[in-house]
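In what follows, a structure is listed as structure tokens, so that the remarks can point back to it.
The values are calculated or read from the model by the stated rules, or taken from the named source; none is laboratory data. Fair warning: this is a prediction, and the values are worked out from it, not measured in the lab. When we count neighbours, we look across all protein chains shown, and the Cβ atoms used for this are built from the backbone with ideal geometry, even at glycine.
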Amino acid sequence: MDFNEEAFVLSARGHGDTGVVAELLTETHGRRAAYVAGGASRRMKPFLQPGARVIVDYRARTSDHLGSARLEPVGEGPSALFEDSMALTGLAAAAAVAQGALPEREPHPGAFMAFEALMAAFAIPEVWPAIFVRFEAGLLEDLGFGLDLSSCAVSGTMDDLVWVSPRTGRAVSRDSGAPYADKLLVLPPFMLGAQAGLGPGDVGAGLALTGHFLEQFVFHPQNRPIPSARVWMIDKLGDAGRL
């Protein structure tokens, strides 16, 4: 099986004396692991960092075997963020979540596009945490666990949606959910539309919302915890007062 297309590097680990096994996110071939000869060299390390965009020339005997790849960098990649440690923390978290959530060898073009949009947003400090929430919501949708925020699960109204059912992922209006408010997840307004803007606590509420469903539907069934890189990102955002 051979293909040539753009991809994002999610991780790379040493393999042998000079090579690495890279986890790659492609648009049409999904998440793929590939052996990269010489990947441990000083020349190649910069574009084997999480978030690096590359052109991958991938070859494998069969679809089930570990393939090999030659990589060529595209653009600056993570090096453009070296002066923003918070953005680098977010990038590491996004790569870890994508790698842990997406099944290998399954096409998920929506996840690729969501990751692409997030990579562009990391250059805007005041915006990317909210885009991170949207990225995770996009992952859930692409995996078949999308949130239904179109109308209230109880009354059917499309107005004043402020909560989400932790069981079904459906929105709940203020009036319908009031008796059960302590059992519902907060729905921040920005998840209903970009025009809503961001208020205090909105990013934290959004991350709690997507984190709940990632854990419930994606990581728990694999007997795996939410990636530690995501936990670290939330701690850093909290310390900086950006949740």
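A few notes on this one:
- Odd one out for R43 among (1) assigned to a loop (DSSP other than H, G, I, E, B); (2) more than 20 Å from the chain's Cα centre (by Cα); (3) modelled with pLDDT of 90 or more; (4) of a type outside the set (F, W, Y): (3)
- Residues that are farther than 19 Å from F213 by Cβ and more than 21 Å from the chain's Cα centre (by Cα), drawn from the range 183-197: Q195, A196, G197
- Residue, modelled with the lowest pLDDT, within the range 63-77, restricted to residues that are in a loop (DSSP other than H, G, I, E, B) and under 22 Å from L88 (Cα atoms): E76
- Condition check for G100: at pLDDT 95 or above, among the small types (G, A, S) and touching a Lys or Arg at 6+ places or on another chain (Cβ under 8 Å): yes
- Residues in the range 46-62 that are part of a loop (DSSP other than H, G, I, E, B) and more than 19 Å from the chain's Cα centre (by Cα) were compared, and the one that is surrounded by the fewest Cβ atoms within 10 Å (Cβ to Cβ) is T62.
- Output for the range 1-39, where each listed residue is crowded, with 18+ Cβ neighbours inside 10 Å and assigned to a loop (DSSP other than H, G, I, E, B): E27, H29, G30, G39
Residues checked against (1) farther than 20 Å from V54 by Cβ; (2) modelled with pLDDT of 95 or more; (3) crowded, with 17+ Cβ neighbours inside 10 Å; (4) not hydroxyl-bearing (S, T, Y):
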residue: A95; (1), (2), (3), (4): no, yes, yes, yes
residue: A123; (1), (2), (3), (4): no, no, no, yes
residue: V164; (1), (2), (3), (4): yes, yes, yes, yes
residue: V172; (1), (2), (3), (4): yes, yes, yes, yes
residue: D182; (1), (2), (3), (4): yes, no, no, yes
residue: L187; (1), (2), (3), (4): yes, yes, yes, yes
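- Every pair of residues 6+ apart whose Cβ atoms lie under 9 Å, when the first sits in the range 89-118 and is touching a residue at least 60 places away in the same chain (Cβ under 8 Å) and within 18 Å of M233 (Cβ to Cβ) while the second is surrounded by fewer than 14 Cβ atoms within 10 Å (Cβ to Cβ) and basic (K, R): G100/R224
- Of all residues in the range 160-215, those that are of a type outside the set (S, T, N, Q) and not in a helix (DSSP H, G or I) total 23.
- Verdict on D142 being modelled with pLDDT under 95 and not aliphatic (A, V, I, L, M): yes
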